[in-house]
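All remarks here apply to the structure that follows.
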Amino acid sequence: MSAKSFSEIPKAYDPAQVEDKWYKYWLDNEIFHSEIDETKKPYTIAIPPPNITGMLTMGHVLNNTLQDIFIRTKRMQGYNACWVPGTDHASIATETKVTKFLDDKGIKKYEIGRDAFLEYCQEWRKEYGGIIIQQLKKLGVSCDWRREVFTMDDQYYYEVIKAFVDLYKEGKIYRGYRMVNWDPANKSAISDEEVIYKTVNGKLWYFKYPVVGSDEYIVVATTRPETMLGDTGVAVNPNDDRYKHLIGKKVKLPIAEREIPIFADEYVDMEFGTGAVKVTPAHDVNDYNMGMRHKLEFINIFNDAATTNSNVPKWLRGQDRFEVRKKVIAKFEELGLMHKIEDYQNKVGYSERGNVPIEPYLSEQWFMKMSAEGGSASGGDDLVTPAINAVKSGRIRFYPKHWEKTYSHWMENIRDWCISRQLWWGHRIPVWYNKQTNEIYCDVNPPQDTENWTQDEDVLDTWASSWLWAHAIFRTEEERKYYYPTNTLVTAPDIIFFWVARMIMAGMHFRKDIPFSDVYFTSIIRDVQGRKMSKSLGNSPNPLVVIKDYGADALRFTVIYLAPLGQDVLFSTDKCELGRNFANKIWNAGRFLLMNLPDRQAGRENIQLDKSLLDKHKDFADEWIISRLNKTLIQFNKAMDEFEVNNTIKLVYSFIWNDYCDWYVEMIKNRLYGDNEEIKSAVLTRAISIFEDALKMLHPFMPFITEELWQLTNERKEGESISTSVFPKADEKMINESAEKEMDFVKDIITAIRNIRGEMNIAPSKKVNAMIKSSSVKYYQIEYIKKLAKVEDIKVDSNIQKPKASVSAVLSNCEIFIPLEGLIDLEVERQRMQKEITRLEGSLAGIEKKLSNEKFVANAAAEVVEKERAKQKDWQENIGKLKEILNNLN
C-alpha cells in the first residue's frame, strides 16, 4: 500500500473513509482465505449459519464479533485460520415468507403446486437470502467467503440425505404415530425445543358428565373445553375413596352423545380439580400415555389448521378451535351441565415461528431414535451416550461451565426426535412408497422405475440438516481430515438443544470424533432497562445505522466491552460513545507519532527512524512501558485461553488509553523536542514499535482503524496487512517490576498535584511551585513531574516543613505541599469552600433523616436504599476533604 502524506492525515478519525476501503483490500488480497497447509496447525470456526430470512441484529453483532476476535487472533499467531461462513435455508421461516409474498400477489401455494412453489423459494432466496451476509461484511468479519456454504447447496443436500439413509438403514430412523407438537399456522409438526411457553390468565371450566344408569354426575375440570369432543374416558386415582364405586362404570359424554368408561390410573392427582380427569388420548401427551395403557379409542377431532373435522357433531364441524370452545361452553350452560368456572393461570405452549398456541396432535411422522433400545442412554450403539461422554470427559468444554449441567440433564432425559415437517422448502425425505405393494424404498438416489413410486411429501426439520454443519461444510475428505474437528463454536445458549447437542451427536456418530473443542455461549443483549431486545418493544437498534453513526470498530468494541462471560449485556446506542472515544484516542496518538516522521511529499525532514537504536537511550519511562506491554501480552494470552474476551479488551484498553496515550506519549515529548537527533530517533523508533504492537493486540477487536494506522507507520508492500502480520510475543524477561514501581510513584505525585490544582480552581495556564517531603524522588524524575503537572519549581527534601497557606497531599512515602499565595484569592476560596461544606451538610442531613426512618428502609426498593447509602458515604467523604482543605487555607 503506498504511503500517504502525513500532512494529509485528518485531525479526526472518520470510519466512513476507512472501513469499506480496507474490507475491499482484504478481499482483493484474499487475506481471509485458507487452504490445506500441512506446515501450519489449523484453527477452524464454523459460523452458526444465519437464516436466509434474517437481518443483522445486535445478537449477530456480538456473536460474530466474538468469532472474528478468535479467528483474527489465531491468524496473527501463525495458525492456518479458517472461518467458514454460510446460511441456513430455514424451512418454516422461508416458507412462511414466500407463502405471504405469493398471497399478496393473489397466488395460492397449493394451487401452483410443489415444483412451482420451490422455484419461487429459490428466486426469493437469490434476491433476499444474501442480505445478512452483506451486512456481516459491514461489521468487518474475516470469513473465508470463497468457502461460503448454503444448506441447500448440492453437496450439502447430498450429505443431509445420505445421513438420513445411513441412519434409516441402521434402524435409527423410523416412522410411526406419535403425539407431536402441531403448529396450526404452518400446518406442521415442530420439536419440543420450538415450543415457547407463555403464562396465560385463563379459565378452568368444570363440566358435569352424567354417569350411565344413575342420577350421579362426575365432575371434570379442563382448560381446553373444545377437546372434550375427543374424550374417550374419565380417569380417577385408584386410591380415591370418592370415586371407587364408579370405577368400571360409564358416563354419557355430552354433545358427542357417546358412552365412555371410568377407569383408575395412578397418574391422576387427587388434589387437582375434582380428582377426576377427562381423557383425550389424541390431543394431550399425558392422556395419550393413559390411552395406550388402557387401550382407549383415539379420536382426532382436528384438521391440520386446528379446525374441527368430521369426528365432531355436524353443527360444530369446520370451525376454528377457539370458536368451537365458545360453543361448547354455551352448550354445557344450556344443558345445565356447567358446574362452575374459575380464573386459572397456566403455561400455554406457543409455536416459536407461528406464534400461535400449539396443538398436541396424533400424527404419523418420521422419528430419530435418540437412545439405545429400552429408552435410556445407557450405552450401546446409540446417538446419545457418546455425546454425553464427550462433554463429561472434558473433551468438549463449555464457557460458562454451568451449561454443562443443563446439557447433561437434557441429554439424559432426551426423547426421540421428530424430524419430519409438513413443508415443501427443505431437504425432502428420501423415502419412496411403491404404488402397488406399499414397499418402502430409502436411498440417496430415487428408484429406477419412478413412475411406480411416490416420494414422501415431508421435508426434514431444519435442525436435521444443520446438525451436520461442523463437518459437511468441508468439500473433500482431505479437507475434513485437516480442518475437522473445528476448534471453537460461538453460539447463543437458547440453541444448546436445537443445535449444539445435535452437532455433538452427529460428529460422534458420523466422524467418530467431537465436532469442536470449545463452546462459547454468548450473553443476551438487553436494553438499559433489562428487557430483551425485540421489534415489538421497539428497543432493538439497527446495527447498520449504529455502524453509520459510530463506525463498525466502535460498535464491536462496545458490545465486547459490555459483555462479561455469562452475563447479560445492557446496551444502548449512546454507549457506542465508548468505542468512538477510544478510536479517537488511538487516532490522536497515532497522528502525533506520524506527524514527527519525515514526509517527503510535504517536504518535511523531521525525525528519522532507525531500528538499530531500538534498545538505546532508554530511561525508566521506556523500561516501564516495555514492561507494561509484555505484562499485558501475558495477561492477554491467559484471558483469551480462558475465553474471557471481555477481560481481554479491558486489558488492551487500559494499556493503550492509560499507559501508552495518557502517560508514555506525554513523557516522550520532552525528548522528541530535544536537540540530540540520535536520542530523538531512538525515542520515536521505540514509541512507534510499541504502538505497532499495541495495534496488533487491538486488531482482532477493532480491525479497521488498526489496519489504517499500521499501514501508515511504515512503508508496506501491496498485499501486506496487519491481519497477517506476526502477533507480538510476550517476553517475561522484559517485565521490570522495579521500573513499574518507580513509574507508579511518579504517576502518584503527578496525579496528586493535578488533583490539588483541580480542587483549588487553579487556572490551567498557571504554573505552581511544589515542595516534596521525601527521600525517594530521583533527580531524573523531576523533569517529568514538572512537565506533566505544570510545575515551575520543585524543592525536594526529607526535612521540609509545611509552609503557610498551602495545600498538601500525603502519599505512601512522600508528602506534597503546594503554596497557594499568589495563585488564588485565598479569602474568596475560603468562602467558596465554606459555602460548599454548608450545602453538602444540608443535603447529608436530609439523607440521614431518610435513612433513619425505619419505614422508608423497610418499604423502599433495595436498590433505592443502596443508592441513598452510597450518596451518604460520598457526601461524608467530600465534606471531610473540604474541611481539611479549608483548614489548610486557614
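Considering 555, 594, the condition of being under 18 Å from residue 707 (Cβ atoms), at pLDDT 90 or above and surrounded by fewer than 23 Cβ atoms within 10 Å (Cβ to Cβ) is satisfied by 594 alone. Only one of the listed residues (733, 741, 766, 786) is open to solvent by 40 Å² or more (accessible area, probe 1.4 Å), part of a helix (DSSP H, G or I) and under 30 Å from residue 805 (Cβ atoms). That residue is 786. Within the bounds of region 806-827, is there any residue that is assigned to a helix (DSSP H, G or I), under 18 Å from residue 881 (Cα atoms) and either modelled with pLDDT under 90 or open to solvent by 40 Å² or more (accessible area, probe 1.4 Å) (or both)? Among the residues of region 806-827, at least one is assigned to a helix (DSSP H, G or I), under 18 Å from residue 881 (Cα atoms) and either modelled with pLDDT under 90 or open to solvent by 40 Å² or more (accessible area, probe 1.4 Å) (or both), which makes the answer yes.
Filtering region 224-237 to residues that are in a loop (DSSP other than H, G, I, E, B) and within 18 Å of residue 331 (Cβ to Cβ) leaves 224, 231.
Would you confirm, using the coordinates I've provided, whether residue 459 is over 29 Å from residue 430 (Cβ atoms) and open to solvent by less than 10 Å² (accessible area, probe 1.4 Å)? Walk me through it before giving the result.
Details: over 29 Å from residue 430 (Cβ atoms): no; open to solvent by less than 10 Å² (accessible area, probe 1.4 Å): yes.
Spelling it out, it is not the case that residue 459 is over 29 Å from residue 430 (Cβ atoms) and open to solvent by less than 10 Å² (accessible area, probe 1.4 Å).
Give, as residue ranges, the helices (runs of 4 or more DSSP H) completely inside region 519-636 that count at least 2 residues that are basic (Lys, Arg).
Working: elements: 543-550, 552-561, 577-595.
The helices (runs of 4 or more DSSP H) meeting that bar are 577-595.
Counting only helices (runs of 4 or more DSSP H) wholly contained in region 657-716, the ones carrying 1 or more residues that are open to solvent by 10 Å² or more (accessible area, probe 1.4 Å) and within 19 Å of residue 781 (Cα to Cα) occupy 665-672, 677-698. Can you pull out the residues in region 703-738 that are closer than 23 Å to residue 66 by Cβ and among the polar types (S, T, N, Q)? Those that are closer than 23 Å to residue 66 by Cβ and among the polar types (S, T, N, Q): 706, 721, 723, 724, 725. Consider region 444-456 and keep the residues that are in contact with a strand residue (DSSP E or B) (Cβ under 8 Å, 6 or more places away or on another chain) and part of a loop (DSSP other than H, G, I, E, B). The one that is most open to solvent (accessible area, probe 1.4 Å) is 446. Scanning region 400-434 for residues that are in a strand (DSSP E or B), open to solvent by less than 40 Å² (accessible area, probe 1.4 Å) and either free of Cβ contacts under 8 Å to residues at least 24 places away in the same chain or more than 20 Å from residue 304 (Cβ to Cβ) (or both) yields a count of 4.
Working carefully through the options 264, 282, 235, find the one that is modelled with pLDDT under 95 and touching a strand residue (DSSP E or B) at 6+ places or on another chain (Cβ under 9 Å). Among 264, 282, 235, only 282 is modelled with pLDDT under 95 and touching a strand residue (DSSP E or B) at 6+ places or on another chain (Cβ under 9 Å).
Within region 136-157, the residues that satisfy the criterion of being in contact with a Gly (Cβ under 9 Å, 6 or more places away or on another chain) and either more than 20 Å from residue 70 (Cα to Cα) or part of a helix (DSSP H, G or I) (or both) are 147, 149, 150, 151, 152, 153, 156.
In region 859-882, how many are open to solvent by less than 100 Å² (accessible area, probe 1.4 Å) and touching a residue at least 12 places away in the same chain (Cβ under 8 Å)? Spell out the reasoning first.
Keep residues of region 859-882 that are open to solvent by less than 100 Å² (accessible area, probe 1.4 Å), which gives 860-862, 864-865, 868, 870-872, 874-876, 878-880, 882.
When the remaining residues are screened for being touching a residue at least 12 places away in the same chain (Cβ under 8 Å), the result is 865, 868, 871-872, 875-876, 878-879, 882.
Total satisfying the criteria: 9.
Of all residues in region 499-521, exactly one satisfies the criterion of being open to solvent by 10 Å² or more (accessible area, probe 1.4 Å) and either at pLDDT below 95 or small (Gly, Ala, Ser) (or both), namely 517. Condition first: in contact with a Pro (Cβ under 7 Å, 6 or more places away or on another chain) and either closer than 19 Å to residue 516 by Cβ or of a type in the set (Asp, Glu) (or both). Now tell me which residues in region 32-62 satisfy that. Within region 32-62, just 47 meets the criteria.
Would you say residue 117 is under 30 Å from residue 520 (Cα atoms), open to solvent by less than 20 Å² (accessible area, probe 1.4 Å), modelled with pLDDT of 95 or more and more than 22 Å from the chain's Cα centre (by Cα)? Considered against the rule, which asks whether it is under 30 Å from residue 520 (Cα atoms), open to solvent by less than 20 Å² (accessible area, probe 1.4 Å), modelled with pLDDT of 95 or more and more than 22 Å from the chain's Cα centre (by Cα), residue 117 comes out as no.
Each row is one residue, and each column tells you yes or no for (1) of a type in the set (Val, Ile, Thr); (2) at pLDDT 95 or above; (3) farther than 24 Å from residue 96 by Cα.
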{"residue": "326", "(1), (2), (3)": "no, yes, yes"}
{"residue": "336", "(1), (2), (3)": "no, yes, yes"}
{"residue": "343", "(1), (2), (3)": "no, no, yes"}
{"residue": "353", "(1), (2), (3)": "no, no, no"}
{"residue": "356", "(1), (2), (3)": "yes, no, no"}
{"residue": "359", "(1), (2), (3)": "no, no, no"}
{"residue": "363", "(1), (2), (3)": "no, no, no"}
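Would you call residue 868 modelled with pLDDT under 85, among the charged types (D, E, K, R) and in a helix (DSSP H, G or I)? For residue 868, the condition - modelled with pLDDT under 85, among the charged types (D, E, K, R) and in a helix (DSSP H, G or I) - is not met.
The values are calculated or read from the model by the stated rules, or taken from the named source; none is laboratory data. Everything quoted here is computed from the prediction, not taken from an experiment. FYI the Cβ positions are ideal-geometry reconstructions off the backbone, even for glycines, and counts take in every protein chain you see. Accessible surface areas use protein heavy atoms only, side chains included; no ligands, DNA or RNA. Shrake-Rupley method; radii C 1.70, N 1.55, O 1.52, S 1.80 Å.
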